[in-house]
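Taken together, the values in this text are just the output of simple stated rules run on the coordinates, not laboratory data. Computed from a prediction, not measured in an experiment: that's the story for all the values here. Virtual Cβ from ideal backbone geometry, glycine too; neighbours counted across all protein chains shown.
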Amino acid sequence: MVHFGAGIYGVQTSHPVGGVRPPNVWEQPSLEAALRRITVYRGLLPPDLPNWTRTRHGLADHPFRFPPNELETVGDGALARGRGCVAAYAAYRDGQYVMAVIGIMQAVTLAPQHTDGTPFSLPETEGTARLVSGVYR
């Protein structure tokens, strides 16, 4: 999904937080970069991913926990602290998982819940989204 914010609907607008918005999506300055990222990510994902079991942060079948807890580390709690991530969607199948960590602010720590390994941290990088994959137990 590509989301530029509310207010792009055929006329130029000025949003109190988002600033001036162009009248059309194809005039959005970040469109080309966003579409390039989508192309790269699609090439990294398994082609049969739509058939995998989907999950999200905070659910018992998610590959990771988010210390100290999901309420502080993911979503609104992370936004309030300025550290963590907006969301962490995952899918798993046949002993494998893939996860998209979206909106990383500063860094987010992941603790294995259904994966092998030790806790690790994902630092904020350009684009603030990361793909992680590995063995699902």
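How high is the FRET efficiency from Asn24 to Ala100, r the C-beta distance, R0 30 Å, rounded to 0.05?
Once rounded, the FRET efficiency stands at 0.60.
I need the P(r) histogram for the chain: all alpha carbon pairs, bin width 5 Å from 0 out to the longest distance, whole percents.
Spelled out per bin, shortest first, that is 2, 10, 17, 18, 17, 15, 10, 6, 3, 1, 0.
Around Pro119, under 15 Å between beta carbons, what's the net of Lys plus Arg minus Asp minus Glu among the other residues?
-1
Contour minus end-to-end for Leu45 and Leu59, with contour as 0.36 nm per residue of separation and end-to-end as the Cα-Cα distance?
Working: separation 14, 0.36 × 14 = 5.04 nm, distance 2.18 nm.
So the extension gain works out to 2.9 nm.
Label-point separation (nm) for Ala33 and Thr13, each offset 7 Å from Cα along Cα-to-Cβ?
Here the answer is 2.3 nm between the modelled labels.
For helix 31-44, report the angle its Cα long axis makes with the longest principal axis of the Cα atoms of the chain; keep it between 0 and 90° and round to the nearest 10°.
The two axes meet at around 20 degrees.
At most 15 other C-beta atoms within 10 Å and a DSSP loop state: those are the exposed chymotrypsin sites (Phe, Trp or Tyr not before Pro) I care about. Give me the longest piece of the chain that has none.
On the way: sites that count: Phe4, Tyr9.
My reading of the result: 10-137 is the longest stretch.
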